[in-house]
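K.L.:
Structure incoming, see below.
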Amino acid sequence: MERKETENEGVRISYIKHGIGTPIILLHGNDEDSSIYSVIMSRLSADGFCVYAMDSRGHGRSDNVDRLRYEDMAEDVIQLIRSEDLEKPLLFGFSDGGIVGLLLSIRYPGVLSRLIVAGINLSPDGLTLKAHTALRLGFAATRSDKLRLMLTQPDIKAEQLSAIDIPVIVFHAEKELVKLSDSKTVVENVKNGKLIILEGHTHDSYVMDNEILYELLKEHIS
């Protein structure tokens, strides 16, 4: 396991590289970092994957910035792909990481071989009322740019999704913080989409339990 860095327009992006084989990029959610994948990295590397687990800008060991934007995060991933000379990696993105994966696939068709996203929304309106209210209260108290990000972004239109021509798997928990309608919009507008409802799970329960996530990913990346 190796800690490395790349740079995008002066912003240093930290990531872990683990294993040898088929490249797979793992992107975390808001206010998290690559450590949420500490167990699954070893499991995937043992299966013949080379895992790249990034710390998004403003998170973990990556540089902080004045204002977070999902589009900039997508460019950071592209920089990683270029710096490591990766050929058609797979990508799994949870929550904010899934949004980044969608934006990357819209902007750069054909760069990835497969995209798996979990707990994603296409706009702030895609959050449930309960989640949106909690974010607004949190932002009023903290003025956190990470909360501002979720309250003001993204803005992904259904027609933009048609540019994605790779297989897309969407995980959606039964007890989600985002609306099912956004997950359905993704699978209905990409060229090859599949929706998987995870019964009994919350927004992050199956992701934080790396063993559950490993079994889910293994089924769709093998």
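K.L.:
Contact list please: Cβ distance under 7 Å, first residue in the range 160-184 and without any contact (Cβ under 8 Å) to a residue 24 or more places away in the chain, second residue surrounded by fewer than 21 Cβ atoms within 10 Å (Cβ to Cβ), pairs at least six apart or on different chains.
P.N.:
LYS184/LEU195
K.L.:
Now, a different point. Looking at (1) surrounded by 15 or more Cβ atoms within 10 Å (Cβ to Cβ); (2) more than 19 Å from VAL207 (Cα to Cα), which one does ARG43 not meet, given that it meets all the others?
P.N.:
The number of the failed condition is (2).
K.L.:
For the range 128-146, what are the residues that are part of a helix (DSSP H, G or I) and without any contact (Cβ under 8 Å) to a residue 40 or more places away in the chain?
P.N.:
Answer for the range 128-146, where residues must be part of a helix (DSSP H, G or I) and without any contact (Cβ under 8 Å) to a residue 40 or more places away in the chain: LEU129, HIS132, THR133, ALA134, LEU135, ARG136, LEU137, GLY138, PHE139, ALA140, ALA141, THR142.
K.L.:
Give the range 192-222 a look and list any residue that's of a type in the set (D, E, K, R), part of a loop (DSSP other than H, G, I, E, B) and either modelled with pLDDT of 95 or more or crowded, with 18+ Cβ neighbours inside 10 Å (or both), or say none.
P.N.:
Within the range 192-222, ASP204 is the sole residue that qualifies.
K.L.:
Starting from residues that are among the small types (Gly, Ala, Ser) and under 12 Å from LEU102 (Cα atoms), keep the ones in the range 162-191 and report whichever is surrounded by the most Cβ atoms within 10 Å (Cβ to Cβ).
P.N.:
The selected residue is SER183.
K.L.:
Just to be sure I understand the filter: pairs with C-beta atoms under 8 Å, separated by 6 or more residues or on different chains, first member in the range 28-44 and closer than 24 Å to THR142 by Cβ, second member acidic (Asp, Glu). Which pairs pass?
P.N.:
HIS28/ASP55; HIS28/ASP96; GLY29/ASP96; GLY29/ASP204; ASN30/ASP96; ASP33/ASP55; SER34/ASP55
K.L.:
Now for a separate question. Among LEU102, LEU112, which is the only one that is in contact (Cβ under 8 Å) with a residue 12 or more places away in the chain and either within 13 Å of TYR70 (Cβ to Cβ) or in a strand (DSSP E or B) (or both)?
P.N.:
Answer to the check: LEU102.
The values are calculated or read from the model by the stated rules, or taken from the named source; none is laboratory data. Computed from a predicted structure; not experimentally measured. Neighbour counts run over all protein chains shown; Cβ positions are idealised from the backbone, glycine included.
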